[in-house]
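*Asks:* Once you've had a glance at the structure underneath, I'll fire off some questions.
The values are calculated or read from the model by the stated rules, or taken from the named source; none is laboratory data. What you see is a predicted model; the values in this text were computed from it and never measured. Heads up, the Cβs are rebuilt from the backbone with ideal geometry, glycines too, and the neighbour counts pull from every protein chain shown.
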Amino acid sequence: MKIAYIGSMCDTFVINELQAHEEAGWQVLPLASSKPCPIEILSEVMDKWGKRAVYRSDVGFLVLVGLTLREMITQPLQFSRLCLWFISLFFHSPVEFAKALYELPTACYYISHCRRFGVRHIHVHFASRSLSLGLILAILASLPVSCTVHAFDIFTRSPRSLRYRLNQCKFIAAVSRFNIEYLEKTCGKSVADLCHLVHCGIDVDKFKSVPRRPQPGRIICVCRLFAKKGLEFAIRACAKLRDNNVGFLFEIVGNGPEYNRLKKLIGQLRLEDNVQLLGAKPNDQLAGFFSKACAFLMPCIKMSDGNMDGIPVAMMEAMACHVPVVSTSISGIPELVENDVTGYLVRDKDEDALAEVLEKLLGNMDKIKQFGKAGSKRVLKEFSIHKNAAKLRELIES
């Protein structure tokens, strides 16, 4: 089977799926929806797929315009259908219409790669501009398209624009049951009926074999530094731990727009000796951080615009390494982390509750081992990339 994948080559869950499909014998054409990854976050497998990917930046603007004109002339029937789709999209959502129009030249560039490759199906990650790009490609090539929905792509968009575009998918892969229930509530039964639960996954074998050497009080977080990760509340909880004379070291791995604000907060709370911002690290190095940790702390929050995380892949990786997770009971997180079984879940934005459960966990090595073992089993059972990618392939072939 030959398929095209539209997504960011910087997202671990996308790369995991590409690799799993290839290992199963499928041929995959990666079409990048964003710029190439910064070199500091590349792992060996991310570098491999990043080099294979097709990027819009590979050609100049004038070339894109020429390719668009060529599609208009050589594919008049498909282009007429596409124009009708654009008109309909405009009446559903002028904003999404404008975003889709921006993607048109890129689609006319990517379509030539799809034809040469012999693509039979298009799969998209995120019901954002990427889905509009996928739908344009599908119309131009007369191919089916499917979409994996995650978090910001459905939580921050109008139900009207989502409903129109998602209803044109062959199927929708939802990373959590929460997402399916959310789409049924906001977009209706027609969209929910297209949904199938397909968790993102990790290569469990890569992490479960990591030797455990937990150091007392060692806490880890791996993420992009966005406000919805709740790290402000994690740092404020750390100040309470310090005031309660709890010995700990909280290491935050990642870069992002919150970096400077978090660094300033660490200074204001005088936590320089207890909380460290380590910047981004290659995915291949993360297992070493997990092996030393007693807890993985990421207290995700729901933003004022509705944006929140889905099920963070870094939590799966930590649990595969027998690291208990401390987080919040929002979105799909409770589908991964079971409270008082594989970690602790508290209300979002509650730094007091965070400090309380962290102090309880860090002082109990038996509980850390118990939670770690249960978490590893849960990830192996439900979040293995090989199992979940196989489920996705079944949906594509059906």
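*Asks:* Can Met303 be described as touching a Phe, Trp or Tyr at 6+ places or on another chain (Cβ under 7 Å), more than 21 Å from Gly363 (Cβ to Cβ), of a type outside the set (Lys, Arg) and in contact (Cβ under 8 Å) with a residue 40 or more places away in the chain?
*Replies:* Judged against the criteria, Met303 is not a match.
*Asks:* Still on this structure, please answer the following. Can you list the strands (runs of 3 or more DSSP E) lying wholly within region 178-285 that have 3 or more residues being within 23 Å of the chain's Cα centre (by Cα) and at negative phi?
*Replies:* 195-197, 218-222, 249-253
*Asks:* Which pairs do you get when a residue that is modelled with pLDDT of 75 or more, found in region 33-45, comes within reach of a residue that is surrounded by fewer than 17 Cβ atoms within 10 Å (Cβ to Cβ), reach meaning Cβ atoms under 7 angstrom, with the pair 6+ apart or on two chains?
*Replies:* Every condition considered, the pairs that remain are Lys35/Ser57; Ser43/Pro282; Ser43/Asp284; Glu44/Asp284.
*Asks:* Please state which of the following conditions Tyr109 fails to meet, knowing it meets all the rest: (1) within 20 Å of Pro76 (Cβ to Cβ); (2) without any contact (Cβ under 8 Å) to a residue 24 or more places away in the chain.
*Replies:* (2)
*Asks:* Let me confirm something: among Phe171, Phe178, which residue is more than 29 Å from Leu143 (Cβ to Cβ), among the aromatic types (Phe, Trp, Tyr) and out of contact with any Phe, Trp or Tyr (no Cβ under 7 Å at 6 or more places or on another chain)?
*Replies:* Phe178
*Asks:* Go through (1) touching a residue at least 12 places away in the same chain (Cβ under 8 Å); (2) within 23 Å of Asp305 (Cβ to Cβ); (3) surrounded by fewer than 20 Cβ atoms within 10 Å (Cβ to Cβ) for Asn260 and report which single condition fails.
*Replies:* With (1) touching a residue at least 12 places away in the same chain (Cβ under 8 Å); (2) within 23 Å of Asp305 (Cβ to Cβ); (3) surrounded by fewer than 20 Cβ atoms within 10 Å (Cβ to Cβ) applied to Asn260, the lone miss is (1).
*Asks:* Next question. Among the listed residues Ser112, Ser146, identify the single one that is modelled with pLDDT under 95, among the polar types (S, T, N, Q) and outside any loop (DSSP other than H, G, I, E, B).
*Replies:* Ser112
*Asks:* Mind checking whether some residue in region 26-35 is within 23 Å of Lys391 (Cα to Cα) and part of a helix (DSSP H, G or I)?
*Replies:* no
*Asks:* Residue under question is Leu345, and the condition is that it be surrounded by 24 or more Cβ atoms within 10 Å (Cβ to Cβ) and closer than 25 Å to Asn274 by Cα; does it hold?
*Replies:* So Leu345 fails the test.
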